[in-house]
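No value in this document is a laboratory result; all are computed from the given coordinates. Note that the structure is predicted; figures quoted are calculated from it, not measured. Please note: Cβ atoms are built from the backbone with ideal geometry, for glycine as well, and neighbour counts cover all protein chains shown.
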Amino acid sequence: MLVEELFEGFIGLDWRDVVMMLVGGVLIYLAIKHKFEPLLLLPIGLGAMATNLPLGGLTDEDGLFSVLKSAGLEGNNKLFPLLMFLGLGALTDFTPLLQRPTTMLLGAAAQAGIFVSLMAAIALDFSLRESGSIAIIGSADGPTTIFVASQLCPDTDTCPNEVLGPVVVAAYSYMAMVPIIQPPIMKLLTTRAERSIPMEYTDRPVPKLLKVLFPILVLIVGGLLAPKAIPLLAMFMFGNLMRESGVVDRLSNTAQNSLINIVTIFLGLVIGSTMTGESFLDLETLKILGLGLGAFIIGTASGVLFGKVMMVLSGRKINPLIGAAGVSAVPMAARVVQRVGQSERPDNFLIMHAMGPNVAGVIGSALAGGVILSRVPALAG
Amino acid sequence: MYLDGLEIAGLGTGMVFLALVVMLISTLSLRLLIDRLDKVRASSAPVAPPPAPPEEPPVAFSPATPVESAPSAPESVIATPKDKAARAAAIAVALYLTEEEEAEGRTDR
C-alpha cells in the first residue's frame, strides 16, 4: 500500500504519456540545439511534458493550464493570439512594402497553399471545420493559425479529432524549418538565370504620413472585405500604428517586448497542454503534419510562380525568388530568399525586396483566415 | 463537401487578391496625393529670407522724391505675402508722415 502511494506516479504512467514526453523533449531539443522557433517550441515542449505526467492535475478543471487556457484560448476567448498579433504589429516595419507596393500581390499569391490543402484535407475525410483548421497551417503565421483553428474546432464536440495541438505544433515546426523546406522548391521552379536577376536596392524615402495612414487603410479595406479578420487586423494594425505614430513609444515598447513575451510564455504552455497522448498519438496527427507540410510547399510554389509572372511583366526587373517570401514566416522566409539568391549571384541583395512580400503575407494570411472563418461555419453548420 | 471546399477556395483566393489589389491601389493613390501635397507645400514656402529691417527709419523722404516714384525692390526679392505687407506698411507710414509734414508747413528740407 505504501509502495503504491510512493510510486503512484509511475503506476499511473501510460506508454502514450511516455511517447508524448519524448515528443516534448524533442521540441525542447530542437529549440535549444537548433534554435528552431525557441520562443514557442520551448514552452510548448515543457507544457507537453508536464501535461503528460500523471496525477499532476495541470489540465483538471481548476488546474494551472486549464485556467490559462480559459483565460486566453477557450470558447470565444482568443485573447492570447490577438495580443501576440498586437506585439507583432508593433514589431513590423512596412517600409520595404511601401517602397515597392506592387510586391503586395506576392503576399496574396502565396496563400494558395491554404486553399489547396483545404481541398486535400477534405479528400482525406476530415470534416470541413477540421479541414479549415488544418489548411490554415499554410498561412505560416502562428497567431493566425491558433486564432482560426481554435475558433473552428474549440472542442471535441465540434471536431471529433483534436486538431489544435497538432496544427499549432505543425505550424511552428514548419516555420522553423522554412530554410530546409523552401530552397529545393525555389530551385525547382526557377532557372539559374532567373535566380540571378539582379535587383538593385535604392532606399526610397517613404513619407511618415503614409506610414501612419497605411495601417488604418489596411484595417478599413481588409475589415470591409473580410469582416472575420477584423480582430486580427485591428490588433496588428494598432500595434503598427503605435510604432509609426511616434507619440506612444512607451506603449509601443511594451507591446514589442514585455507584453508579447508574457503572452508567448502562456500561449506556449497552453498549446503544449493540448498535446496529450490520447489526442495526439493517432493516424490523424500524421495526416495533419503531412497536410501542413503540403500547404507550406504549395504556398512557396505559388509565390515563386507568381513571382515569375511579375518577372515577365516587369521586363525581368523582378527576381522571382522574392515570391517565396510571400508565405509570411517573417523574417525567416525573406532570409531564405536572400541566401538562395546570393548563392547564385553573390553581389545580389534580395532581402529588402523580399521583406515587402513577407509582411504582405501576414496581411494576406489574416485575410485568408477571415474568409475561412466566415465561410466554413456557414457551410458546415 | 468537395463543392463547399471549392467554394471556399475560390472565394478565399479571390477575396485575398481583391483586398490586396484594393490596398495596393489605395496605397499608390495615397502616395501620389502625399507627394503632390509636399510639392504644393514646397512651392508656397519662402524662396528668400525676409529682408533685414532697415538701419534708418523708412520715413526719410523729401517732397523731391515722392513715395510713388521711390525705386521698388525687384519682385523676385519681395516674393512672399509677408514681405509685401511689410512694404505696404512702410509706404503707408511714409505717406502719413509726408502729409503730416506738409500740414505743419515743414517743407524746409
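Points to keep in mind about this one:
- In terms of its C-alpha gyration tensor, region A:94-186 comes out prolate, because a/c is 1.5 or above and the ratio a/b outweighs b/c.
- Highest-first arrangement of A:46-59, A:109-122, A:252-265, A:163-176, where packing means the average Cβ count within 10 Å: A:109-122, A:163-176, A:46-59, A:252-265
- Calculated FRET efficiency, A:ALA123 to A:ILE220, Cβ-Cβ distance, R0 = 35 Å: about 0.40 to the nearest 0.05.
- Straight-distance candidates among the lysines for linking to A:LYS308, with alpha-carbon spacing under 18 Å and chain neighbours fewer than 8 residues away dropped: A:LYS187, A:LYS317.
- The distance from the alpha carbon centre of region A:67-88 to that of region A:189-265 is 20 Å, rounded to a whole number.
- Fewest-first sequence of A:ASP203, B:ASP35, A:ASP141, A:ASP282 by Cβ atoms within 10 Å of each Cβ: A:ASP203, B:ASP35, A:ASP282, A:ASP141
- Tilt relative to chain A, helix A:178-189 - C-alpha long axis, 0 to 90 degrees, to 10: 40 degrees
- Each other residue within a Cβ distance under 11 Å of A:LEU189 adds +1 if Lys or Arg and -1 if Asp or Glu, for a net charge of +2.
- Diffusion coefficient, µm² s⁻¹, Stokes-Einstein with Kirkwood Rh over alpha-carbon pairs of the protein assembly as shown at 4 °C and 1.567 mPa s: 50 µm²/s
- Rounded, prolate or oblate (a/c below 1.5 giving rounded, otherwise prolate when a/b exceeds b/c) for region A:159-265 by Cα gyration tensor: oblate
- Highest mean packing comes first when the peptides A:9-15, A:91-97 are listed by Cβ atoms within 10 Å, giving A:91-97, A:9-15.
- Proximal charge balance of B:THR27 [Cβ under 13 Å; K/R count +1, D/E count -1]: +2
- Peptide A:217-224 - average C-beta neighbours from other chains (10 Å radius): 4
- Mean partner shielding of peptide A:108-121, defined as the number of other chain Cβ atoms within 10 Å of each residue Cβ, is 4.
- Span from the region A:136-156 Cα centroid across to the region A:340-380 one, whole angstrom: 17 Å
- Shielding value for B:24-36 is 5, the average number of Cβ atoms from other chains within 10 Å of each residue's Cβ.
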